[in-house]
Amino acid sequence: EAQVTQNPRYLITVTGKKLTVTCSQNMNHEYMSWYRQDPGLGLRQIYYSMNVEVTDKGDVPEGYKVSRKEKRNFPLILESPSPNQTSLYFCASSRTGFEQETQYFGPGTRLLVL
Amino acid sequence: AQKITQTQPGMFVQEKEAVTLDCTYDTSDPSYGLFWYKQPSSGEMIFLIYQGSYDQQNATEGRYSLNFQKARKSANLVISASQLGDSAMYFCAMREAYSSASKIIFGSGTRLSIRP
């Protein structure tokens with residue numbers, strides 16, 4: 001089944017404890033992206049990747065890191081999480097970065113930073 | 001700068017009625033794509049419909065259609081014969097070809113509630 005997977009689905013952590021949210025897709029998609037969703041703000045793009053070893057900042061990259069060493073994986077790293085990073089996080093992928101390509105989303109990761 | 005505006009935070013509609021969810025956008029890019037997603041209470045993001053900026057006809061997918069008015073920069077989602085299962089958050093999104101190097105922006109969403 002074609003899908004985007006994220007792990008963990010739920011995470012409670014404390015301020016300053018490094019964490020990684022994994023994202024993997026099995027569709028051989030070139031483009032991958034991370035979003036955070038907060039009430040009243042919709043989804044905001046954190047980072048995106050056009051292909052392996054090619055990443056760029058979205059609209060809210062502060063406090064996050066990403067890497068794209070393999071085509072299928074795009075982990076999101078929070079080096080020192082803070083309470084304002086409490087959010088619902090989505091990973092998404094599309095075949096390419098062209099404007100007509102539909103993105104497919106993972107199931108989401110709910111993060112609570114205490 | 002690219003921007004998506006959804007002016008209806010919430011809507012209530014009677015079952016079986018048609019509903020229109022508003023979306024306006026702002027871009028200087030001549031080529032772009034517009035998308036609608038549905039987010040039920042379970043949280044997943046479900047792709048509904050796509051409209052390309054050069055498409056001559058409005059997109060349709062089953063009960064979903066997109067009322068695309070390019071000159072007015074609007075891309076409203078129309079759901080015909082609404083069902084209880086249509087109750088969800090709906091997001092409009094835009095993807096530009098050139099200006100923003102494949103960044104994608106979303107509107108703030110509209111929460112649709114269908115009354116039986």
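Where a number appears in this text, it was derived from the coordinates with a stated rule and is not lab data. Bear in mind that the values here come from a model prediction, so they are computed numbers and not experimental data. All Cβ positions, even for glycine, are placed from backbone atoms using ideal geometry, and neighbour counts span all protein chains on display.
Only Cα pairs under 8 Å and 6+ residues apart enter the sum, and on that basis the relative contact order of chain A stands at 36 percent. Across the cross-link table entries A:K17/A:K69; B:K3/B:K38; B:K3/B:K73; A:K17/A:K65; A:K57/B:K38; A:K18/B:K3, which are compared at the Cα atoms, the separations over 21 Å belong to A:K17/A:K69; A:K57/B:K38; A:K18/B:K3. Taking the charge dipole of chain B about its Cα centre, with +1 at Lys and Arg Cβ atoms and -1 at Asp and Glu Cβ atoms, the residue from B:Y90, B:S113, B:Q8 reaching farthest to the positive side is B:Q8.
Dipole magnitude for region B:49-116: about 200 debye, using +1 per Lys or Arg Cβ and -1 per Asp or Glu Cβ, origin at the Cα centre.
Extending 7 Å from the Cα toward the beta-carbon at both A:E53 and B:T60 defines two label points whose distance is 4.9 nm.
GNM on chain A, alpha-carbon springs under 10 angstrom: the most fluctuating residue among A:G42, A:G16, A:G58 is A:G42.
Work out the FRET efficiency for A:R110 and B:F47 from their Cβ-Cβ distance, taking R0 = 22 Å, and round it to the nearest 0.05. According to the calculation, E is roughly 0.55. Dipole of chain A computed with +1 at Lys/Arg Cβ and -1 at Asp/Glu Cβ about the Cα centre; of A:C91, A:N51, A:P81, farthest Cα towards the positive end is A:P81. Available extension along the chain between A:A2 and A:T22 is 5.5 nm, counting 0.36 nm per residue and deducting the alpha carbon span.
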